[in-house]
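Worksheet: the structure to be examined is printed underneath.
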Amino acid sequence: MSERTRARALASLAEHFGHDGFRPGQAEAVEGTLDGRDVVVLLPTGSGKSLCYQVPALADARGGMGTTLVVSPLIALMQDQVGALRARGVRAAALHSHQGDEEQRTAVREFLRSELDLLYVSPERAAKESFRRMLGRVPIARLAVDEAHCVSQWGHDFRPDYLRIQELREILDAPVMALTATATAPVLEEIEARLGLRDPVRVYTGLERPNLTFAVRPLRRRDARLAALRDELDGAGLLARRGVGRGIVYCSTRKTTEAVAKDLRSAGCAATHYHAGRTPLARERAQQAFEAGRTRVLVATNAFGMGVDLPDIRLIVHFQTPGSLEAYYQEAGRAGRDGDAARCVLFFGPGDLTTQRRLMSSGSGGVAHEARREQGLAAMARYATEDRCRQEMLLAHFTGAGGGAVCGRCDACSGEVEVDETPPAPPVRTLATADCEKIVAAVDRLSRPVGRIPLARALRGSKSKSLARGGLLTLPEYGQLADYDEASIVAAIDELLVSGRLKRTGRKYPTVWIPGKAIRGESAARARGKAGSAGRKKSSGRFGGPIARELDNYRRRQARTLKWKAYMVFPRRTVLAIDREEPMSRDALARIPGLGPSRIERFGSDILDVVRRHRTPS
C-alpha cells in the first residue's frame, strides 16, 4: 500500500469515524484489501469489523477507484449501517425489498452515476441477473461479504444464496473481503473455498471478550427458570423500569418468548418481545422501544440480533439452550460492546436439546444434516455440563487449540458452578443389533410414517388406545422390546436416523419412515399438494417480491377461470424462480424450471408483462 493510499485511509478514519488509529486486526485488513488482496477477517463481536471495509471504501472513492459493494444478510442490518454512515457524511445506500419504487430508483441512479461510496445489497439481490447486468456499468472497487459464515452449510446461519456470491467474481475485477465474528476452522476453510478467495490475507485476532462473565445454571423446570431469570435481572438492576443498561433474554420458540415476556411484565419489569411471527409493525415497535430505552428488557428468538450495535447491554440470558456454540457465542457477544462489564448466563436442561432437535428437523439434508446437528448439540452440552473455564472452552471450540489461559471470571473459575439437583434420568442403554433391526422391520410394515415416541411405546408393549390409529398395536414386533426403557428405544431410533437406515419426514411434527419407500394409501404427489396448500394458506400474499406476489394472484385467477388447481397453472417454485431471475423474453422463460412450451404459449405474455412492471431498475 502506497503512502498516499495509507494517508487517505487514515484521513477517512479520522474525518468520518473520529478515530486516530486502528484497533487490533483492522489495520492488517485495510492494508490487505487496499493492496488488492482478498482478505478473510475473523474478529470478535464489537471489535469494529465493518470499519475493515468502510475505511477502504472511502479511501478508494477519494482516489476515483469506484464503489464498494457490500453483501449483507438482513434488511434491518443494512438499514442500520446505511443510516449510521449517512449520519457521518458517507455516501451510502442500500437496495432491498422493503423500499418503495422511488427510493430504489434513487439508489440505482446514484450508483450508476458513481455517486456512492458503498452500496449494500442482500445475497438474493446480488443473485439477480438484472442486478448483475447493472454492475457491468459501474467501477467496483471491492466486494465485501458481511456475516460470511452464512456461506457455510456447517454454519449456524446458512443462507443458500450466499453460495452464488462467487459467481460475482466472473463479473467484477475486484478483491473480496469476507468478515465474520463466529467461525470454526472448518467454517473458515469453507468460506475461502465457496467465495473463491485467492491467497487471502487472513486476519484472525483473539476472540476473547475480557469484559464478559459467563455462567451456566442447570435448570429443568420452567418455573425455576422464571424465578432464576427474575433474580438475574434484579442483580443487573434491570427489573426496575428506570435505570442504566439493557438486557436481552433469548428463547428458542415463539411461544416461550411470549410467555416469558408476560411473566416479566407481571413482575413489574418493562419488557417486550420480538419474534418472526409478529407483524413487521409490531417487531419494529418492539425494537424501537428497546433501542430508545423505553423498555429495558427484550425477550426474543434468534430472529433478533444480527448486527445489533447497542453499547450498554449488561445482561444476556439464554432462557433455553441454542443449537450450537457458534449461535450462543454470537448472541452472547452482543453484551458489553462499550467495554464495560456484562454477564452472559445460559439456562440448561436435557429437554433443551430435544427442543433444538425438533426445531432443526427439516425432513431433508440426510445423514450429513443429522450429523452436523448432533455435533453442534454435543458441543453445546459439553460446554453446559463440564466444570471448566467457560471462556477457555469457547475459545478452544473456535480455534481448535485447548489448554488456553483461564479467564478467572466465569462460574467455573470462581468456584460457583451450580449442581443440578434433579434426580438423574436412568442411563440410556444401547440396543443390540438384532433389536435395532426390529425397529426397522416395524417401520417397514407400517403404511405411513410414525412418530418416534408412539413407535417406542408400541415396541415396549404400551396398551394406549392412541396407538391403534397407526396400526402399531397389531405389529408382530409389538412388545418385543419391553426390556428396554422408552428413552433407550428413542435413542436407538435417533441413531438409525443418523445412519440413514430410517429417514425423518415432516417439519412441525417429525415422523420416521423407510428411505425410498412410498407411502401406501397416499401418493407422494398428494402429500406434497397438501403441504403446498397449507403453506400457501399460511403465507398468502407474503412470499417473494412484487413479481412473485402478482404472479401468485395471477395463477390463482387463472386456476379459477380454468377450473384447475393453482399448481397446474405453474407451481410455486416457478413463481419464485421468475421473481429471482426476472426473465425479459420467451427464450429466458424457457430456462425457468416448471415452464414448458405449452405454459409459455398460454401464459408467457402475461408473465412478461408482470416482470416488466416490477423489474428491478437497471
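The values are calculated or read from the model by the stated rules, or taken from the named source; none is laboratory data. Computed from a predicted structure; not experimentally measured. Glycine also receives a Cβ, built like all others from the backbone with ideal geometry; neighbour counts cover every protein chain displayed.
Could you tell me whether any residue of the stretch 133-148 is under 25 Å from residue 384 (Cβ atoms), crowded, with 17+ Cβ neighbours inside 10 Å and among the acidic types (Asp, Glu)?
Within the stretch 133-148 (the criterion being under 25 Å from residue 384 (Cβ atoms), crowded, with 17+ Cβ neighbours inside 10 Å and among the acidic types (Asp, Glu)), the answer is no, since none of the residues qualifies.
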Pairs where the first residue, in the stretch 177-203, is not assigned by TED's automatic domain parsing to the domain that holds residue 328 and the second is among the acidic types (Asp, Glu) and assigned to a loop (DSSP other than H, G, I, E, B), C-beta under 6 Å, 6+ apart: 179/146; 197/38; 198/38; 200/38
Selection within the stretch 331-357 - touching an Asp or Glu at 6+ places or on another chain (Cβ under 9 Å) and at pLDDT below 85: 357
Top-ranked residue of the stretch 85-94 - restricted to ones that are part of a loop (DSSP other than H, G, I, E, B) and closer than 14 Å to residue 61 by Cα, ranked as modelled with the lowest pLDDT: 89
Residue in the stretch 105-128 that is surrounded by fewer than 18 Cβ atoms within 10 Å (Cβ to Cβ), within 28 Å of the chain's Cα centre (by Cα) and either on the phi > 0 side of the Ramachandran plot or assigned by TED's automatic domain parsing to the domain that holds residue 164 (or both) present: no
Scan of the stretch 440-460 for residues that are of a type in the set (A, V, I, L, M, F, W, C) and touching a strand residue (DSSP E or B) at 6+ places or on another chain (Cβ under 9 Å), ordered by number: 442, 443, 446, 450, 455, 458
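Quick check, is residue 422 under 36 Å from the mean Cα position of the chain (by Cα), over 17 Å from residue 354 (Cβ atoms), at pLDDT below 90 and in a loop (DSSP other than H, G, I, E, B)? Steps first, please.
On the way: under 36 Å from the mean Cα position of the chain (by Cα): yes; over 17 Å from residue 354 (Cβ atoms): no; at pLDDT below 90: yes; in a loop (DSSP other than H, G, I, E, B): yes.
Spelling it out, it is not the case that residue 422 is under 36 Å from the mean Cα position of the chain (by Cα), over 17 Å from residue 354 (Cβ atoms), at pLDDT below 90 and in a loop (DSSP other than H, G, I, E, B).
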Any helices (runs of 4 or more DSSP H) falling wholly within the stretch 553-618 and containing at least 3 residues that are in contact (Cβ under 8 Å) with a residue 24 or more places away in the chain and not assigned by TED's automatic domain parsing to the domain that holds residue 96: 566-569, 572-581, 597-614
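Each row is one residue, and each column tells you yes or no for (1) outside the structural domain of residue 313 (by TED's automatic domain parsing); (2) within 19 Å of residue 304 (Cβ to Cβ); (3) surrounded by fewer than 17 Cβ atoms within 10 Å (Cβ to Cβ); (4) in contact with a His (Cβ under 6 Å, 6 or more places away or on another chain).
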site	(1), (2), (3), (4)
224	no, no, yes, no
253	no, yes, yes, no
272	no, yes, no, no
287	no, yes, no, no
